[in-house]
Amino acid sequence: MTAADLYPLYETEMKLQTYQFQRLNQLLLFTSNHNYFYKKKFRGIRLPVNGYDDLKKLPFTTKEELVEDQCQHSPYGRNHSYPLSSYVEYHQTSGTTGNPIRILDTKESWSWWSKCWQEVYRSSGVTDRDIIFIAFSFGPFIGFWAGYEGGKEKGCVVIPGGGQSSKERLTSILENKASVLLSTPSYALRLIETAKENNINLFSSAIKKIITAGEPGGSIPSVRAAIENGWGAKVFDHVGMTEIGAYGYSCSEQKGLHINESEFIAEVIHPETGSAVQEGERGELVLTNLGRYGYPLIRYRTGDIVIHSNKQCECGNYYQFLPNGIVGRKDDMVIIRGINIFPQSIESIIREFDDIKEFRIVYYTKDDMNQIKVQVEGKEEVIGDLKALLRERLGLRVELEVVEDYTLPRFEMKSRRVQDLRTS
Ligand SMILES: [Zn+2]
């Protein structure tokens, strides 16, 4: 049986969980026959999988496994279900935390990405009358490629803003009267800075909505406020991963992210024990994608830290809601003097200070103890207040250093505002 044979079965209305697990079983049936990675991994599993209790019996899939599989079966690994001739799209992970993973999509899998983006656009209120400008380098990183595809399918004019300077991008946004901007939160801020340097008034642009992705800033109130105040536009957050797909998006309430549960099954687990966490607790998000037969992932450990909640969002969307969005990355957590620190907790505090232009977090070791220092571009006057707020919110004394303006790096895609010099 092929995916094409299976799809027509979905066209009846049913309860979400019934729908999800029907699709999961079809996927499992498919992978057990056609996908060598899962054929081996799930040998002996009993179908059907009826609900979460059964699902928990399946092993997790980890990034390390995918990397290892790709090394052993170079160049693409065995999680591609079809022969190479079926594939048309190539992307790779950013590789900031190790070897990049090369991932291919078939036409069908790629149109599934576009379908997931329709949900992002719907939730942000984007219509076919919008003109979308994508400030993105259009390299091998998947980033906004799927947003580009989804925008075209929505019927929008989509402007690819790759290969341009920040000033050229701003000129294009103004001249083409773009109404929606897609960029990382860092880059939306960078464009505000560029506009100021060039005496460009962003409030005169037609941009009304900004969809951010690649970093969690769109769900951090202080970052979001800085972007909204600079652009006079409303910010929507989106989250996706090359490995798993475009799985989450924010809504008009701006209080967190929804998971697109028609295409993903979500679980929140304790990162150490692997068991489900309780309501209100933090845990690692585990996702299963239901419609990417060309590169399926079942119980994939995303490394995204979220708060598990059974509460529904006030916007009326009943899909699973993640309050405050992605609250951290498992890989980014650092323990300093016994306190767990996520860089984005620090960013959310720094962004409350308009006078701070850019910052960098430096971890280092002194007298066998790990320490933290924050370098900022900005006015001396605010340092005392910032220091006090960091201490109050993090429960930790943080060393601050003011550096010359424009000495810290600026970013187009995923920012790297952390310098790790720890030796122990
Ligand atoms: Zn909502």
**Request:** Filter the stretch 188-234 for residues that are modelled with pLDDT of 95 or more, closer than 22 Å to S345 by Cα, open to solvent by less than 10 Å² (accessible area, probe 1.4 Å) and assigned to a helix (DSSP H, G or I) and give the result.
**Result:** A188, I227
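From the set of residues in the stretch 27-63 that are small (G, A, S) and over 12 Å from S81 (Cα atoms), which is most open to solvent (accessible area, probe 1.4 Å)?
By that ranking, first place goes to G44.
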**Request:** Give the residues of the stretch 241-258 that are buried (at least 21 other Cβ atoms within 10 Å of the Cβ), of a type outside the set (S, T, Y) and either within 16 Å of the ligand (Cβ to nearest atom) or within 17 Å of S186 (Cβ to Cβ) (or both), sorted by residue number.
**Result:** G248, C251, G256, L257, H258
**Prompt:** Looking at K387, K373, which is the one that is more than 25 Å from the chain's Cα centre (by Cα), charged (D, E, K, R) and part of a helix (DSSP H, G or I)?
**Reply:** K387
**Prompt:** Hey, any hits in the stretch 314-326 for a residue that's of a type in the set (D, E, K, R), within 21 Å of E261 (Cα to Cα) and in a loop (DSSP other than H, G, I, E, B)?
**Reply:** yes
**Message:** Can you report the number of residues in the stretch 109-136 which are under 17 Å from the mean Cα position of the chain (by Cα) and of a type in the set (S, T, N, Q)?
**Reply:** 4
**Asked** In this structure, does Y247 turn out to be assigned by TED's automatic domain parsing to the domain that holds K56, of a type outside the set (D, E, K, R), in contact with a helix residue (DSSP H, G or I) (Cβ under 9 Å, 6 or more places away or on another chain) and part of a strand (DSSP E or B)?
**Response** yes
**Message:** Take I336 and tell me if it is within 16 Å of the ligand (Cβ to nearest atom), touching a residue at least 12 places away in the same chain (Cβ under 8 Å) and open to solvent by less than 70 Å² (accessible area, probe 1.4 Å).
**Reply:** no
**Request:** Output the residue which, of all residues in the stretch 299-313 that are in a strand (DSSP E or B) and in contact (Cβ under 8 Å) with a residue 60 or more places away in the chain, is nearest to the ligand (Cβ to nearest atom).
**Result:** D304
**Request:** Keeping to the stretch 235-244, report how many residues are hydrophobic (A, V, I, L, M, F, W, C) and part of a loop (DSSP other than H, G, I, E, B).
**Result:** 1
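The values are calculated or read from the model by the stated rules, or taken from the named source; none is laboratory data. The structure displayed is predicted, hence computed values, not measured ones. Because the Cβ atoms are built from the backbone with ideal geometry, glycine has one as well, and the counts that use them run over all protein chains shown. SASA here: full protein model, heavy atoms, side chains in, ligands and nucleic acids out. Shrake-Rupley method; radii C 1.70, N 1.55, O 1.52, S 1.80 Å.
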